[in-house]
Amino acid sequence: MPIEISDKTVKGEFIEKVMKLSGQNIQECFQCGTCGGACPMSAHMDTMPRKIMRMTQLGLEESVQESGTCWTCASCHTCTVSCPRGIDLARVMEAIRQLTLRKNVDLVEPSKLDEETLRELPQIAMVSCFRKLTS
Ligand code: SF4
Ligand code: SF4
């Protein structure tokens, strides 16, 4: 299936920032797809990790950040131990999240959570959610 690309601008700065923040050489990814095959969350991702890596290599910042994949990533590191190139993809996902949040994008608005959610969710899940999904 072809990759849907919404932005046509290659952003070298985005590539550099992802590599610097993650400490990973994303250009070493050769698109084997092992990460997606091993990922326990891949069934819930709109874009496979392999494609996220390719779009990041190409500097397609908007397409990468429009995808929900890095937010679905559970940071379990299964891909990291599976990658034949030794790329810590979990850190790449974290770098993409950080760069998105630096744009002051809040994916959860704490004050808008309804009472039932506040009552039912475990506190640790709430704290984790705010840390991961708010800027
Ligand atoms: S760290 Fe994220 S992308 Fe990697 S296997 Fe776990 S959930 Fe999937
Ligand atoms: S397993 Fe590693 S080399 Fe293969 S697609 Fe994923 S990140 Fe790239």
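Computed from the coordinates by the stated procedures, all read-outs in this text should not be read as laboratory data. Because the structure is a prediction, the values reported are computed rather than measured. Cβ: placed from backbone, ideal geometry, glycine included. Neighbour counts: every protein chain shown.
Pairs of lysines 8 or more apart, or on different chains, with alpha carbons under 29 Å: count those in the chain, would you?
20
Sorted by average packing, counted as other Cβ atoms within 10 angstrom per residue and highest first, what order do 63-71, 24-32 take?
On the way: 63-71: 19.1, 24-32: 15.2.
Those peptides, ordered most packed to least, come out 63-71, 24-32.
Which residues make up the longest stretch of the chain clear of trypsin sites (Lys or Arg not before Pro) that lie in a DSSP loop with no more than 12 other Cβ atoms within 10 Å, not counting the sites?
Numbers: sites that count: 8, 102, 103.
The longest such stretch corresponds to 9-101.
With the Cα gyration tensor of the chain giving a ≥ b ≥ c as the square roots of its eigenvalues, does the rule (a/c under 1.5 for rounded; else a/b larger than b/c for prolate; else oblate) give rounded, prolate or oblate?
Prolate shape, in that a/c is at least 1.5 and a/b is the bigger ratio.
Can you give the net charge of the other residues whose Cβ lies under 11 Å from the Cβ of residue 53, counting K and R as +1 and D and E as -1?
Around residue 53, the surrounding residues sum to +3.
Show that you can apply the helix-only estimate: for the chain, add -39,500 (n - 2.57) for every DSSP H stretch of four or more residues, divide by all residues, and state [θ] at 222 nm to the nearest 500.
One gets -13500 deg cm²/dmol as the mean residue ellipticity at 222 nm.
Using modelled amide H (1.01 Å from N, peptide plane; none on Pro or chain starts), what sits under 5 Å from the amide H of residue 60, excluding residues fewer than 5 places away?
Here the answer is 11, since their amide H atoms fall under 5 Å of that of residue 60.
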